[in-house]
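Peer 1: My structure is below; once you've seen it, I'll send some questions.
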Amino acid sequence: MTAPGGGAPRAQAIRLPGRHGYAVEFSPYLPGRLACAAAQYYGIAGCGTLAVLEQNETGISLFRSFDWNDGLFDVTWSENNEHVLITSSGDGSLQIWDTANPTGPLQVYKEHTQEVYSVDWSQTRGEQLVVSGSWDQTAKLWDPAVGRSLCTFKGHEGIIYSTIWSPHIPGCFASASGDQTLRIWDVKTPGVKIVIPGHQAEILSCDWCKYDENLLVTGAVDCSLKGWDLRNVRQPVFILLGHTYAVRRVKFSPFHATLLASCSYDFTVRFWDFSKPNPLLETVEHHSEFTCGLDLSLHNSGQVADCAWDEFVKIYTPSCLVVPV
């Protein structure tokens, strides 16, 4: 594949028949294990499925499958138990699942009044907290050991599409919204800490840089990605253009300080290095529908997983991330 032209690297794939993929996340514990949150009928109606997948040299297989009575829109792995995951659903609830207990959810938290589009488990040591973001315009803080939310964060004036913990600062998370803002919150203080009017369009995704505690990226319906330095938020520190439809998810690399990936309703996944004059490294075109889920492996440098509304989950290494032997 030539960069930045389009193409398809050799990928392992699994089809989830009748399920349209919304989110995918590699296990932080087990190399080759990943989870996909999916919904029937493109998430508009029907039930949802959490597919826990196992990858090896021969391909991808279904390890566990859990069904829920509404679409599942996001998934996050526990950071203190390799068997536990949390999903978020169209019925306003969060579900805690245990792959060692295949009968059903261990717990269900139902406090949001509309679809929950985002859920994330904190990565900093010494705390086990979960944040969720909803179409009801609120984010909620949860301790998985407590059966109710600890706090509700209000201020957004549109759907919250994305909530992501800082990997550096305990108790700090970011949220991205249809109100066109990126907001930074601290669980120890009520009210929003920073409001960034990031795009003149709905912001669908955000992520924190793994190497710089002040750097975040947003992806929006205006087809752009923008980088933000929290020490000076008046102007973005980079703007990445190339997608032709809304940017659905953005992810910083866990291995490269200036590398990130994005997936879009234009069916593509794109890889960028914002430090370069020509930042678009590669465009991967191997889905035939909206590409919604994207993650980069913590275990295998360069390994990527994505999922789309075409029912496929794929694992691959784009040529721009292949390490020379």
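The values are calculated or read from the model by the stated rules, or taken from the named source; none is laboratory data. Fair warning: this is a prediction, and the values are worked out from it, not measured in the lab. Here the Cβ positions follow ideal geometry from the backbone for every residue, glycine too, while neighbour counts run over all protein chains shown. SASA here: full protein model, heavy atoms, side chains in, ligands and nucleic acids out. Shrake-Rupley method; radii C 1.70, N 1.55, O 1.52, S 1.80 Å.
Peer 1: With respect to the numbered conditions (1) part of a strand (DSSP E or B); (2) closer than 23 Å to ALA261 by Cα, which one is the sole condition not fulfilled by LYS193?
Peer 2: (2)
Peer 1: Out of (1) out of contact with any Lys or Arg (no Cβ under 7 Å at 6 or more places or on another chain); (2) in contact (Cβ under 8 Å) with a residue 12 or more places away in the chain; (3) within 26 Å of ILE315 (Cβ to Cβ); (4) β-branched (Val, Ile, Thr), the odd one out for THR99 is which?
Peer 2: (1)
Peer 1: Go through SER93, SER175, SER166 for me and flag whichever is modelled with pLDDT of 95 or more, within 20 Å of ALA39 (Cα to Cα) and open to solvent by less than 50 Å² (accessible area, probe 1.4 Å).
Peer 2: Criteria check complete, one pass: SER93.
Peer 1: Restricting to segment 244-260, count the residues that are farther than 22 Å from GLY178 by Cα and small (Gly, Ala, Ser).
Peer 2: Selection size over segment 244-260: 2.
Peer 1: I'm trying to understand the selection: among the residues of segment 151-161, which are of a type outside the set (Gly, Ala, Ser) and touching an Asp or Glu at 6+ places or on another chain (Cβ under 6 Å)?
Peer 2: HIS156, GLU157
Peer 1: How many residues does segment 99-126 hold that are under 12 Å from PHE66 (Cβ atoms) and open to solvent by less than 30 Å² (accessible area, probe 1.4 Å)?
Peer 2: Result for segment 99-126: 2.
Peer 1: Also, I was wondering about something else. Please determine whether any residue of segment 141-162 is surrounded by fewer than 20 Cβ atoms within 10 Å (Cβ to Cβ), under 27 Å from PHE255 (Cβ atoms) and polar (S, T, N, Q).
Peer 2: no
Peer 1: Okay, moving on. Within segment 299-313, which residues are open to solvent by 30 Å² or more (accessible area, probe 1.4 Å) and over 22 Å from LEU62 (Cβ atoms)?
Peer 2: SER301
Peer 1: Please state which one of GLY302, GLY293 is small (Gly, Ala, Ser) and at positive phi.
Peer 2: The conditions single out GLY302.
Peer 1: Return yes when LEU294 is closer than 23 Å to GLN40 by Cβ, out of contact with any helix residue (DSSP H, G or I) (no Cβ under 6 Å at 6 or more places or on another chain), crowded, with 21+ Cβ neighbours inside 10 Å and among the hydrophobic types (A, V, I, L, M, F, W, C) and no when it is not.
Peer 2: So LEU294 fits the description; yes.
Peer 1: I would also like to ask the following. So in segment 43-88, with the set limited to residues that are among the hydroxyl-bearing types (Ser, Thr, Tyr) and under 17 Å from PRO17 (Cβ atoms), which one is least open to solvent (accessible area, probe 1.4 Å)?
Peer 2: THR49
Peer 1: To continue, here is another question. Out of segment 234-250, which residues are in contact (Cβ under 8 Å) with a residue 12 or more places away in the chain, open to solvent by 40 Å² or more (accessible area, probe 1.4 Å) and out of contact with any Phe, Trp or Tyr (no Cβ under 8 Å at 6 or more places or on another chain)?
Peer 2: ILE239, LEU241, THR244 - these are the residues of segment 234-250 that are in contact (Cβ under 8 Å) with a residue 12 or more places away in the chain, open to solvent by 40 Å² or more (accessible area, probe 1.4 Å) and out of contact with any Phe, Trp or Tyr (no Cβ under 8 Å at 6 or more places or on another chain).
Peer 1: Of the numbered conditions (1) of a type outside the set (Phe, Trp, Tyr); (2) under 28 Å from HIS83 (Cβ atoms); (3) over 19 Å from the mean Cα position of the chain (by Cα); (4) open to solvent by 30 Å² or more (accessible area, probe 1.4 Å), THR189 satisfies every one except a single condition; which is it?
Peer 2: (2)
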